[in-house]
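Asks: Once you've had a glance at the structure underneath, I'll fire off some questions.
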Amino acid sequence: MLRFIASCLLAFSVLQNASADVNIGTWNLEHLSVRPNKDFKSIAKVAQNVDFLAVQELMNEDALQALARELTRQTGKHWSAMASHAVGRSSYKEMYGFLWRDDVVAYEDGAVTYLNRGDTFEREPYSARFKSLKDGSTFVVATVHILYGKNQTDRASEITALSGYWAWLKDTYPDNSQIMLMGDFNTPPTSPAWGNLDASARPLMLSGASTLSTSDGKFAHLYDNIFVGKNSTIKVNKVQVFEYPKYLGMTHAQGRESVSDHAPIFLNASFGGKGSALGSTSTIPAAPNSMKPNAASAPKTSNLNVAIRGNKKTMVYHRPGCPSYNAVSEKNRIEFDSTAAAEAQRYHLAGNCH
């Protein structure tokens, strides 16, 4: 264990010198909610190894805010959070969440749930555009939790539909080729169901496994992954399944009980460079870096299918035509595709909207 911790610290010091690198994570946190047996301290201890985290299986926004507060407490750096509205066809619903360190990453624009007119997805994907404060470059993160169902056939239809979603992402964020699709796909990257998406995007994790087995130190399936475009300019330095039970000194049984039955995927990358060089996989976590934020102009968003504008500070929303619609500052702005989506996240209509 001492050797493992020492190697982690060595990796931290090496990556801290990579000034433009951003550490991105995706994690299915298995019914994340505020309840006695959910170990937020341990979750935050793992999550603080990245600058940005996409969360699946979020059950309510209170849990995401609790995790953001714990991350802020542990790191001494402020973390922000953003959640989708609840999605799902039945009475069982989940949310998606994004968490980020405010001194490294900033929300830019375009937070939107996919308008799934064909009703292909049980839980429609969620996406937004963010900015690296290290070099001013922007990147898009989309996250999804694919239906597990009774067998692989149930999952295949949603996996096949991701090619259409990928095309939608490119149309929705036309000025940004640095798109990442991440989450719990409940399907290994070797499945033939990926055939349609293969023409446009590629998985960064090709081997290993990310779901905890019942035996300590062993993992069962590579269901979690991060996809990038075939022509992406993202420079990938390292991507890895982070074996969190070992890092926390937990058994798999303890981890499944108090943290999650999935291990996160961690990516170290830069968004301002040219080309895409896939690095080696590793179980050593990437270290977050400090950087003071700077201002930059907002990118074009003319093709975004959003109209409702919310204020994260006041928790009110404005329809187009409301007196204060254009007065919401960039740093406090969040956009929704409908008033129902805004109200699902506990926003209320501004008093001067009639």
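The values are calculated or read from the model by the stated rules, or taken from the named source; none is laboratory data. As the structure is a prediction and not an experimental result, all values here were calculated from the model. Don't worry about glycine lacking a Cβ; one is built from the backbone with ideal geometry, like all the others, and counts go over all protein chains shown.
Asks: Considering only residues that are touching a His at 6+ places or on another chain (Cβ under 9 Å) and either outside the structural domain of ASP135 (by TED's automatic domain parsing) or of a type in the set (A, V, I, L, M) (or both), which ones fall in the stretch 210-269?
Replies: Result: LEU212, single match.
Asks: I've got another one for you. Sort out for me the helices (runs of 4 or more DSSP H) sitting completely within the stretch 1-80 that have 2 or more residues that are farther than 22 Å from ARG123 by Cα and modelled with pLDDT under 95.
Replies: Correct list: 2-15.
One line per residue, one yes/no per condition, for (1) assigned by TED's automatic domain parsing to the domain that holds ILE146; (2) surrounded by 20 or more Cβ atoms within 10 Å (Cβ to Cβ); (3) of a type in the set (Gly, Ala, Ser):
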| position | (1), (2), (3) |
| --- | --- |
| ILE24 | yes, yes, no |
| VAL46 | yes, yes, no |
| GLN65 | yes, no, no |
| ALA68 | yes, yes, yes |
| ALA86 | yes, no, yes |
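Asks: Pick out, from the stretch 122-214, the strands (runs of 3 or more DSSP E) lying fully within it that include 1 or more residues that are in contact (Cβ under 8 Å) with a residue 60 or more places away in the chain.
Replies: The strands (runs of 3 or more DSSP E) meeting that bar are 126-132, 138-145, 179-184.
Asks: Let me ask something else. It is to be established whether one or more residues within the stretch 272-295 are surrounded by 18 or more Cβ atoms within 10 Å (Cβ to Cβ), assigned to a loop (DSSP other than H, G, I, E, B), among the charged types (D, E, K, R) and modelled with pLDDT under 80.
Replies: So far as the stretch 272-295 goes, no, none of its residues is surrounded by 18 or more Cβ atoms within 10 Å (Cβ to Cβ), assigned to a loop (DSSP other than H, G, I, E, B), among the charged types (D, E, K, R) and modelled with pLDDT under 80.
Asks: Continuing with this model, one more query. Suppose we filter the stretch 74-91 for residues that are in contact (Cβ under 8 Å) with a residue 24 or more places away in the chain and over 23 Å from VAL144 (Cβ atoms); how many remain?
Replies: The qualifying residues number 4.
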